[in-house]
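K.L.:
Take this structure first; my questions come after.
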Amino acid sequence: MSIRLKFGITLVAMSLAGFAAAQTPTAKASRIRGEIVSLDGDVLKVHRRSGDTVSIEVKQTASVTAVKSIQLTDIKAGEFVGTAATTGSDGKLTATEVVVFPEAARGTGEGHYAWDLGANSTMTNANVDTVVEGTSGRDLKLSYKGGSNVVTVPTTVPIVTFVPASRADLAPGRKIFVVASPASQGTFSAQFVVVEKDGVAPPM
């Protein structure tokens, strides 16, 4: 592995601190999903899925991250992943997306808790104990501090891992996911930014 790649992975791992904080149920942070309207200085304007446009301060020191697509078969036992899922009437979890964390970010947001991607949505950040082939995808047995569960991952859901990005990637029209804390007069301050790059939009 090159020094540049190692450095990039380290920066990605460090930038996940804000993401981890926002996944803690008691954290005062908002998850903003939408499309970039503009970046003027340090002010990023995002048109949210809800239809409104918000202003987010992205300081020069803020880390900007992207994701790249990988295959379901790339998920191996022993890796640390985060997966949003829906709970069926039978209580079983079905993934809507999976993020494979770099090893340096192992433990980020560990646990199982409610998520905001719809009714009965949850997030599980955990170690992959086993991977079992299923009829419609793969079943991941996950363990985390305080518990474990099994998540079925269909072959059609996005599977991604984090890669470095820069402010130059914050271009109008790109999809974005921002973890931000409330600031003054209805604005926000970015803690963690994931931007679309090479056509791959953040699925979380």
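Laboratory data are not the source of any read-out in this text; all were calculated from the coordinates shown. Please read all numbers here as calculations on a predicted model, not as lab measurements. Glycine also receives a Cβ, built like all others from the backbone with ideal geometry; neighbour counts cover every protein chain displayed.
Every residue, every condition in (1) farther than 25 Å from residue 169 by Cβ; (2) aliphatic (A, V, I, L, M); (3) under 14 Å from the mean Cα position of the chain (by Cα), yes or no:
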site: 64; (1), (2), (3): no, yes, yes
site: 72; (1), (2), (3): yes, yes, no
site: 82; (1), (2), (3): no, no, yes
site: 87; (1), (2), (3): yes, no, no
site: 92; (1), (2), (3): yes, no, no
site: 106; (1), (2), (3): yes, no, yes
site: 112; (1), (2), (3): yes, no, no
site: 120; (1), (2), (3): yes, no, no
site: 124; (1), (2), (3): yes, no, yes
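K.L.:
Could you count how many residues in the stretch 147-204 are among the polar types (S, T, N, Q), surrounded by fewer than 16 Cβ atoms within 10 Å (Cβ to Cβ) and in a strand (DSSP E or B)?
P.N.:
Here is the first cut: in the stretch 147-204, the residues among the polar types (S, T, N, Q) are 148-149, 152, 155-156, 161, 166, 181, 184-185, 187, 189, 191.
Imposing the further condition that a residue be surrounded by fewer than 16 Cβ atoms within 10 Å (Cβ to Cβ) reduces the set to 148, 155-156, 166, 184-185, 187.
With in a strand (DSSP E or B) added as a condition, the list becomes 148.
Summing the residues that are among the polar types (S, T, N, Q), surrounded by fewer than 16 Cβ atoms within 10 Å (Cβ to Cβ) and in a strand (DSSP E or B) in the stretch 147-204 gives 1.
K.L.:
Then there's this: For the stretch 116-130, indicate whether the set of residues that are buried (at least 21 other Cβ atoms within 10 Å of the Cβ), in a loop (DSSP other than H, G, I, E, B) and not hydroxyl-bearing (Ser, Thr, Tyr) is non-empty.
P.N.:
No: the stretch 116-130 contains no residue that is buried (at least 21 other Cβ atoms within 10 Å of the Cβ), in a loop (DSSP other than H, G, I, E, B) and not hydroxyl-bearing (Ser, Thr, Tyr).
K.L.:
Report, by residue number, each residue of the stretch 51-64 that is in contact with a Lys or Arg (Cβ under 9 Å, 6 or more places away or on another chain) and of a type in the set (Ser, Thr, Tyr).
P.N.:
Residues satisfying the conditions are 53, 55.
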